[in-house]
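These notes concern the structure reproduced below.
The values are calculated or read from the model by the stated rules, or taken from the named source; none is laboratory data. From a predicted model like this one, the values you see are computed outputs, not experimental measurements. Cβ: placed from backbone, ideal geometry, glycine included. Neighbour counts: every protein chain shown.
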Amino acid sequence: MIVSRGVTAPVPVEQARTAVQNWLIREGTPLNAGIGTHVTGSKTIKDKVGRELFHVVYLSKTGTSTSGYVIVSPDDSTEPIIAFSSGARLDEAPGSPLYMIALRDMGHRLNAVRNATAADSHTTAYASQVKSKSKWATLMKPIASGKQGLNDIWLLLPSGIGKIQIKSITFE
């Protein structure tokens, strides 16, 4: 895979939503955070000149009330999942600490990948871009969503042996 100046691909908000849904299926409960498991909405945050800085994908546990959000990169040359929170909404007020950190951090990340050149192919930044593109590709692959609700799956065994609860299933 070759990554060079101008060879970054924008990630539309719809693709970010798909990536988050697949990430949740793969990860279950990331870091045991109390975030939702269903994507309910999204929005794109832009800088003052209209350049996309990140997408915010909102989540729900029940499909009705917001239960967390995920901050997602708008470019496939940067890490897909930037941050996540169990908070109801991202506070976009000027001076909000997480919002201000996300604005600055994503501005710097995006400038770095957009200004990379072919001469940078031996650098850590280049390796990071290649790894990020690979993560995006993985998150965009369709997968079975059977990981959700696994605690409700029971395997009944012949009489006298009992029953077992399935704790996890891996899809290859």
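The set of residues in the stretch 84-112 being small (Gly, Ala, Ser) and more than 21 Å from Ala137 (Cβ to Cβ) consists of Ser85, Ser86, Gly87, Ala88, Ala93, Gly95, Ser96, Ala102, Gly107. Of the residues making up the stretch 22-60, those that are within 21 Å of Ile143 (Cα to Cα), at pLDDT 95 or above and in contact with a Pro (Cβ under 8 Å, 6 or more places away or on another chain) number 0. Here is a check on your reading of the model: is Ser132 touching a helix residue (DSSP H, G or I) at 6+ places or on another chain (Cβ under 9 Å), among the small types (Gly, Ala, Ser) and in a helix (DSSP H, G or I)? So Ser132 fits the description; yes.
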